[in-house]
1. Specify which of the listed residues (VAL177, VAL171, VAL204, VAL208) is at pLDDT 95 or above, within 13 Å of ligand 1 (Cβ to nearest atom) and not charged (D, E, K, R).
2. Would you mention how many residues in the range 43-87 are free of Cβ contacts under 8 Å to residues at least 24 places away in the same chain and either under 18 Å from the mean Cα position of the chain (by Cα) or not in a loop (DSSP other than H, G, I, E, B) (or both)?
3. For the range 104-124, what are the residues that are within 14 Å of ligand 1 (Cβ to nearest atom) and either touching a helix residue (DSSP H, G or I) at 6+ places or on another chain (Cβ under 8 Å) or not in a helix (DSSP H, G or I) (or both)?
4. Looking only at the range 125-138, which residues are away from ligand 1 (no atom under 16 Å from the Cβ) and among the polar types (S, T, N, Q)?
5. Name the one entry in TYR29, TYR38 that is in a strand (DSSP E or B) and touching a residue at least 40 places away in the same chain (Cβ under 8 Å).
Amino acid sequence: MKFIYSYYVLVVELVFVVSAFSQDFDFFYLVQQWPGSYCDTEKSCCYPSTGKPESDFGIHGLWPNYKDGSYPSNCDTNNPLNPSQISGLLRKMQKEWPTLGCPSSDGMSFWSHEWVKHGTCSALDQHSYFQTTLDLKNQANLLQSLTSAGIKPNGESYSLESIKDAIKEGVGYTPFVECNTDTSGNSQLYQIYLCVDTSGSNLVECPVFPHGKCGSEIEFPTF
Ligand code: 5GP
Ligand code: 5GP
């Protein structure tokens with residue numbers, strides 16, 4: 001009887017461990033934002049306390065998603081970001097994942113928000129979640145892909161197709177382009193979505209794209 005009981009406990013523990021560490025989602029969106037398009041809107045922006053970010057795409061987040069377009073969020077609100085877990089990544093985070101939200105901050109509140117909303121559903125620990133995201137940005141150099149095709153952040157308009165083609169050519173995968181509008185009402189390149197497998201190591205073609213619509217010609221503002 002005692003033997004059967006301990007066997008039962010073992011099985012229950014095993015099921016718990018497996019379910020706690022296996023990921024319940026189908027892919028990630030890696031979302032990068034163009035700072036010029038975050039800042040030239042009605043809402044405007046605030047530069048981080050560490051200074052104006054460089055003129056490059058910045059990370060918005062790495063978001064677990066389901067193939068049907070829905071997504072899990074806030075999977076463990078009892079697991080807030082512990083800044084000491086990412087102390088070794090801070091310099092890179094400030095460069096590659098700068099916050100543009102107001103009021104100005106060093107970024108920790110933005111990163112904490114992304115961790116709790118999306119990171120806690122990723123099956124990665126805090127350090128791996130941020131390290132993985134930083135590594136992915138390296139694999140997906142958007143600005144380089146665009147400028148190689150003559151598409152520059154100079155306030156001019158480019159066709160949506162030429163932007164998608166340039167990224168497909170440079171990065172190897174088809175992006176989703178999200179637009180927003182500047183204070184004059186022009187449609188502009190705001191965020192670029194690429195898809196990543198559940199391990200967080202490889203870009204993949206997106207199983208499903210978010211909804212939203214850009215004009216056929218969109219502006220690429222300066223920053
Ligand atoms: P919005 O409503 O501005 O498009 O999105 C607000 C927030 O909801 C995003 O910043 C993100 O945290 C989350 N979100 C919106 N769309 C998606 C999506 O398709 N997948 C995931 N995983 N999160 C999303
Ligand atoms: P999400 O839309 O990802 O759910 O939420 C983003 C939250 O982070 C919002 O509360 C937004 O104000 C804040 N935030 C701070 N910095 C940034 C930034 O640089 N970009 C975006 N999209 N949100 C930021």
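1. The conditions single out VAL208.
2. Counting residues in the range 43-87 that are free of Cβ contacts under 8 Å to residues at least 24 places away in the same chain and either under 18 Å from the mean Cα position of the chain (by Cα) or not in a loop (DSSP other than H, G, I, E, B) (or both) gives 3.
3. TRP111, TRP115, HIS118, GLY119, SER122 - these are the residues of the range 104-124 that are within 14 Å of ligand 1 (Cβ to nearest atom) and either touching a helix residue (DSSP H, G or I) at 6+ places or on another chain (Cβ under 8 Å) or not in a helix (DSSP H, G or I) (or both).
4. GLN126, SER128, GLN131, ASN138
5. Being in a strand (DSSP E or B) and touching a residue at least 40 places away in the same chain (Cβ under 8 Å) holds for just one of TYR29, TYR38, which is TYR29.
The values are calculated or read from the model by the stated rules, or taken from the named source; none is laboratory data. These figures come from a predicted structure and were not determined experimentally. In this analysis, Cβ positions are derived from the backbone assuming ideal geometry, glycine residues included, and neighbour counts consider all displayed protein chains.
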